[in-house]
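The structure appears below as structure tokens.
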Amino acid sequence: DPKIIQKPKYLVAVTGSEKILICEQYLGHNAMYWYRQSAKKPLEFMFSYSYQKLMDNQTASSRFQPQSSKKNHLDLQITALKPDDSATYFCASSQTVNQDTQYFGPGTRLLVL
Amino acid sequence: QEKVQQSPESLIVPEGAMSSLNCTFSNSASQSIWWYQQHPGKGPEALISIFSNGNKKEGRLTVYLNRASLHVSLHIRDSQPSDSAVYLCAVSNYGSSGNKLIFGIGTLLSVKP
């Protein structure tokens with residue numbers, strides 16, 4: 001059974017619209033993260049949460065807003081979508097925000113037209 | 001900002017050979033160094049990490065870390081076609097705001113039967 005679920009697997013959106021990417025983890029972890037992987041670029045850290053509290057935000061834009069409704073959920077809301085937002089977005093989790101192993105989900109591939 | 005460089009960009013080896021992948025990082029104070037494996041369309045999967053200078057062996061994998069030269073390498077003994085994937089080097093950047101991984105762009109390994 002998958003331990004980290006990301007929904008949807010694929011997402012096509014129009015410029016200017018808003019989308020929510022869903023992430024749930026069933027590893028019993030207390031820390032969750034979002035990373036982004038764009039074509040020809042390294043996997044890039046976006047956010048980290050610990051016990052549902054924001055720890056670090058490395059995104060320059062307020063258009064990206066994580067939402068944690070439950071301890072094992074960390075969704076990502078993206079508003080005013082731009083073609084440059086096209087990427088695969090990965091959710092990850094670890095036992096704590098210390099240097100524990102980070103486990104990644106399968107990703108949501110977003111295409112903005 | 002920490003920078004992580006990987007070489008070579010791609011590597012083709014015959015089945016049974018040793019695969020050697022390299023990674024350099026920019027900050028000698030960086031904490032753990034991780035190697036992740038990523039198959040097409042999947043999320044990265046942690047393989048092995050190292051913190052202290054020297055080497056660490058797990059199964060067919062051996063990783064060497066030299067902090068003085070800011071260099072880490074991954075060696076895969078008896079490479080198998082199933083090892084074909086992208087290998088990502090990641091540096092753990094741990095501080096007061098928790099932990100984040102800084103990734104290189106990856107090395108594409110192809111193991112030919």
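The values are calculated or read from the model by the stated rules, or taken from the named source; none is laboratory data. Note that the structure is a prediction, hence the values are computed from the model and not measured. Neighbour counts run over all protein chains shown; Cβ positions are idealised from the backbone, glycine included. These accessible areas exclude ligands, DNA and RNA; they are computed on the full protein's heavy atoms, side chains included. Shrake-Rupley method; radii C 1.70, N 1.55, O 1.52, S 1.80 Å.
Okay, here's what the table says:
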{"item": "Members of the range A:91-108 found to be open to solvent by less than 10 Å² (accessible area, probe 1.4 Å) and more than 7 Å from chain B (Cβ to nearest Cβ), listed by number", "result": "A:Cys91, A:Ala92, A:Ser93, A:Ser94, A:Thr108"}
{"item": "Sole residue being at pLDDT below 95, closer than 26 Å to A:Gln58 by Cβ and within 13 Å of chain A (Cβ to nearest Cβ), chosen from B:Ser96, B:Ser49, B:Ser28", "result": "B:Ser96"}
{"item": "Test: B:Leu88 is modelled with pLDDT of 95 or more and either over 11 Å from the mean Cα position of the chain (by Cα) or more than 14 Å from chain A (Cβ to nearest Cβ) (or both)", "result": "no"}
{"item": "Top-ranked residue of the range A:69-97 - restricted to ones that are polar (S, T, N, Q) and out of contact with any Lys or Arg (no Cβ under 8 Å at 6 or more places or on another chain), ranked as farthest from B:Gln38 (Cα to Cα)", "result": "A:Ser69"}
{"item": "Scan of the range A:80-90 for residues that are open to solvent by less than 40 Å² (accessible area, probe 1.4 Å) and over 10 Å from the mean Cα position of the chain (by Cα), ordered by number", "result": "A:Leu81, A:Asp85, A:Ser86, A:Ala87"}
{"item": "Subset of the range A:42-56 (residues that are part of a loop (DSSP other than H, G, I, E, B) and at the interface with another protein chain (Cβ under 9 Å from one of its Cβ atoms))", "result": "A:Pro42, A:Leu43"}
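Here is a yes/no grid of residues against (1) of a type in the set (Lys, Arg); (2) open to solvent by less than 30 Å² (accessible area, probe 1.4 Å):
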{"site": "A:Pro2", "(1), (2)": "no, no"}
{"site": "A:Lys7", "(1), (2)": "yes, no"}
{"site": "A:Glu24", "(1), (2)": "no, yes"}
{"site": "A:His29", "(1), (2)": "no, yes"}
{"site": "A:Trp34", "(1), (2)": "no, yes"}
{"site": "A:Lys40", "(1), (2)": "yes, no"}
{"site": "A:Phe47", "(1), (2)": "no, yes"}
{"site": "A:Tyr51", "(1), (2)": "no, no"}
{"site": "A:Asn57", "(1), (2)": "no, no"}
